[in-house]
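K.L.:
Got a structure for you, written out below as structure tokens; questions coming shortly.
The values are calculated or read from the model by the stated rules, or taken from the named source; none is laboratory data. The shown structure was predicted, so the numbers you read here are calculated from the model rather than taken from an experiment. Note that each Cβ is placed from the backbone with ideal geometry, even for glycine, and that neighbours are counted across all protein chains shown. Heads up: the accessible areas ignore ligands, DNA and RNA and are worked out on the full protein's heavy atoms, side chains in. Shrake-Rupley method; radii C 1.70, N 1.55, O 1.52, S 1.80 Å.
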Amino acid sequence: MNYRNTRNYENLEKCIYDGVGEYEIPEIGSAHIDVGDYEFISFSQAARCTQRADKGIHFFIDDYRFNRLWSTPDRYLPMLQQFRCVMTPDFSMYTDFPKAMQIYNHYRKHWIGAYLQENGIDVIPTIGWSDESSYEWCFDGEPAHGVVAVSSVGTQQSKRTKELFIQGYKEMVRRLEPETIIFYGNVPEECTENIVRIRAFSEKFKEAKCNGW
């Protein structure tokens, strides 16, 4: 056996996909899924979930809670294959991150998405961006005319971050023309199209406290 194939080289020993764009981002196929009749739970809740067939998985949680999927993807395949669908991991692309790190996180998101699709999982692309300069590559590998997901959590805290989110959202709609947008968190009034909103964990937590939990 080739020595390289016995070691983890950022998962390249498993597969090197034909990428698109300057940074050879693995391409994800379009998702055409009716997302209005089932619940989404976070990846960190997946192992404890017993009724999986009617649920989807999202990654709108801290990166450290799902980095293990990148480190050992085969370990989680059997579990994820039991869910209705899985969003691509939302690796962070903060504006103050070095550009190389932002591109790396975009690449990782797409490698995982392509790998899950290759293993029979219905994958919903999670779309992310940082500032205007990221438009040069942050939509590479994303499919058009399908279901996509976005999150507004943490983006509405200042005028600048809100502007960046709304600008990126509109650019996504222009380029990808999605048929449905799964929206995690509050929906700014500037964001339109066919939106299916799912509540953020913080909203569920506040609601539970109000109900005496």
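K.L.:
Mind checking whether some residue in the range 51-69 is β-branched (Val, Ile, Thr) and either surrounded by 15 or more Cβ atoms within 10 Å (Cβ to Cβ) or touching a residue at least 40 places away in the same chain (Cβ under 8 Å) (or both)?
P.N.:
Taking the range 51-69 first, the residues β-branched (Val, Ile, Thr) are 57, 61.
If we keep only those that are either surrounded by 15 or more Cβ atoms within 10 Å (Cβ to Cβ) or touching a residue at least 40 places away in the same chain (Cβ under 8 Å) (or both) as well, we get 57, 61.
Yes, the range 51-69 contains a residue that is β-branched (Val, Ile, Thr) and either surrounded by 15 or more Cβ atoms within 10 Å (Cβ to Cβ) or touching a residue at least 40 places away in the same chain (Cβ under 8 Å) (or both).
K.L.:
Mind checking which residues of the range 138-160 are open to solvent by 10 Å² or more (accessible area, probe 1.4 Å) and either without any contact (Cβ under 8 Å) to a residue 40 or more places away in the chain or in contact with a strand residue (DSSP E or B) (Cβ under 9 Å, 6 or more places away or on another chain) (or both)?
P.N.:
Of everything in the range 138-160, those that are open to solvent by 10 Å² or more (accessible area, probe 1.4 Å) and either without any contact (Cβ under 8 Å) to a residue 40 or more places away in the chain or in contact with a strand residue (DSSP E or B) (Cβ under 9 Å, 6 or more places away or on another chain) (or both) turn out to be PHE139, ASP140, GLU142, SER151, VAL153, GLY154, THR155, GLN156, GLN157, SER158, LYS159, ARG160.
K.L.:
Could I ask something else about it? Taking the range 181-198 as the search range and keeping residues that are open to solvent by 10 Å² or more (accessible area, probe 1.4 Å) and touching a residue at least 40 places away in the same chain (Cβ under 8 Å), which one is nearest to ILE61 (Cα to Cα)?
P.N.:
TYR184
K.L.:
Follow-up question, since we're still on this one. List the residue pairs whose Cβ atoms are under 7 Å apart, where the first residue sits in the range 100-122 and is modelled with pLDDT of 95 or more, the second is open to solvent by 10 Å² or more (accessible area, probe 1.4 Å) and assigned to a helix (DSSP H, G or I), and the two are 6 or more positions apart or on different chains.
P.N.:
Correct list of pairs: ARG108/TRP70; ILE112/TRP70; ASN119/LEU77.
K.L.:
So ARG48 ticks every box in (1) farther than 19 Å from GLY113 by Cβ; (2) modelled with pLDDT under 95; (3) charged (D, E, K, R) but one. Which box is left unticked?
P.N.:
For ARG48, the failing item is (2).
K.L.:
Which one is modelled with the highest pLDDT among residues in the range 30-45 that are open to solvent by less than 40 Å² (accessible area, probe 1.4 Å), of a type outside the set (A, V, I, L, M, F, W, C) and out of contact with any helix residue (DSSP H, G or I) (no Cβ under 6 Å at 6 or more places or on another chain)? Walk me through how you get there before you give the answer.
P.N.:
Taking the range 30-45 as the starting set, the residues that turn out to be open to solvent by less than 40 Å² (accessible area, probe 1.4 Å) are 31, 33, 35, 38, 40-44.
Going one step further and asking which of them are of a type outside the set (A, V, I, L, M, F, W, C), we end up with 38, 42, 44.
Of the ones still in play, those that are also out of contact with any helix residue (DSSP H, G or I) (no Cβ under 6 Å at 6 or more places or on another chain) are 38, 42.
Details: TYR38: 79, SER42: 96.
Step by step, filter the range 30-45, then rank; the result is SER42.
K.L.:
Kindly list the number of the only condition in (1) more than 17 Å from the chain's Cα centre (by Cα); (2) open to solvent by less than 90 Å² (accessible area, probe 1.4 Å) that fails for GLU22.
P.N.:
Condition not satisfied by GLU22: (2).
K.L.:
Further, regarding this structure: Sort out which residues of the range 117-129 are buried (at least 20 other Cβ atoms within 10 Å of the Cβ) and either over 15 Å from ILE25 (Cα atoms) or in contact with a Pro (Cβ under 8 Å, 6 or more places away or on another chain) (or both), and write them in order of number.
P.N.:
The initial filter retains those residues of the range 117-129 that are buried (at least 20 other Cβ atoms within 10 Å of the Cβ), namely 123-129.
Scanning the range 117-129 gives VAL123, ILE124, PRO125, THR126.
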